[in-house]
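Here is the structure we will look at, set down as structure tokens.
The values are calculated or read from the model by the stated rules, or taken from the named source; none is laboratory data. The structure presented is a predicted model; accordingly, all values stated were derived computationally and were not measured. Virtual Cβ from ideal backbone geometry, glycine too; neighbours counted across all protein chains shown. Remember, those area values only see protein heavy atoms, side chains included, never the ligands or the DNA or RNA. Shrake-Rupley method; radii C 1.70, N 1.55, O 1.52, S 1.80 Å.
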Amino acid sequence: MIDIREATKEQHRNAEQQEFVKILMSGQIHSRLYASFLYNLSHCYAALEKWSQYQGLLDRLPDIARAEKLAHDCQDLWVRITPQPNITDSTEKYIEHIDTIRTDPAKLFAHVYVRYLGDLYGGQMIKTKTPGANTYLDFNNSKELIQVIRETINGYMETDAAVVIAEAKICFEYATELFKEMYDLEKTYTMQR
């Protein structure tokens, strides 16, 4: 069986090497920029979770939903500042894309795989380096969630590997685009300091 990690390694590496990720890891991110990032993530996750729950894909993943926690974390950082952050082009396109695959469990789960394993692994590294409570990165049962996600994605890989890999790559590409947009936004905040 093809290993999804190996098949998406290039897209994963590209996402991790974006300048915005370096800012996240630096411990120096502007709280308003981070709130904008969380705001966009909350909309991405809300769309993914809506259709994943509808398809029953999250039934074996108790407490995995992050959209509400992301929205709460964003609000905590955005307090007393108006207007709300903007939704980026990539976020709008991601939401539209999720809507087009809403009836395809294998494709949806490819996004679950990329997004939630990213939070369960890489998210834990940025958690202490970014402002706010970051409750969206708190998991009570990380090991079990990782195991179920891997078992489920491997099941889809056995029956539809090409589709799952292609969709996981698409998810990484959307994440990379959001990172690029956030980096462009960071320049705006840097000039305002």
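Summary table
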quantity: Complete set of residues in region 91-103 that are among the acidic types (D, E) and either touching a residue at least 40 places away in the same chain (Cβ under 8 Å) or open to solvent by less than 20 Å² (accessible area, probe 1.4 Å) (or both); calculated: D99
quantity: Residue in region 27-64 that is nearest to the chain's Cα centre (by Cα), counting only those that are of a type in the set (S, T, N, Q) and over 26 Å from L185 (Cα atoms); calculated: S52
quantity: Qualifying residue in region 166-186 (condition: touching a residue at least 24 places away in the same chain (Cβ under 8 Å) and farther than 29 Å from E19 by Cα); calculated: no
quantity: Members of region 131-164 found to be under 22 Å from T91 (Cα atoms) and open to solvent by less than 20 Å² (accessible area, probe 1.4 Å), listed by number; calculated: N134, Y136, L137, V164
quantity: Filtered residue count, region 165-179, keeping only those that are within 14 Å of G118 (Cα to Cα) and open to solvent by less than 30 Å² (accessible area, probe 1.4 Å); calculated: 5
quantity: Residue list for region 42-90, restricted to those being assigned to a loop (DSSP other than H, G, I, E, B), touching a Phe, Trp or Tyr at 6+ places or on another chain (Cβ under 8 Å), crowded, with 18+ Cβ neighbours inside 10 Å and not aliphatic (A, V, I, L, M); calculated: R66, P85
quantity: Pair list, Cβ under 6 Å, 6 or more apart: region 55-80 residue more than 14 Å from L120 (Cα to Cα) and charged (D, E, K, R), other residue open to solvent by less than 90 Å² (accessible area, probe 1.4 Å) and in a helix (DSSP H, G or I); calculated: R60/V148; K69/T135; K69/Y136; D73/L38; D73/T135; D73/Y136
quantity: Single unsatisfied condition, E151 versus (1) farther than 24 Å from A7 by Cα; (2) of a type in the set (D, E, K, R); (3) free of Cβ contacts under 8 Å to residues at least 40 places away in the same chain; calculated: (1)
quantity: Some residue of region 12-30 being of a type in the set (F, W, Y), assigned to a helix (DSSP H, G or I), surrounded by 21 or more Cβ atoms within 10 Å (Cβ to Cβ) and out of contact with any strand residue (DSSP E or B) (no Cβ under 9 Å at 6 or more places or on another chain); calculated: yes
quantity: Any chance G123 is under 15 Å from I29 (Cβ atoms), of a type in the set (G, A, S) and within 14 Å of the chain's Cα centre (by Cα); calculated: yes
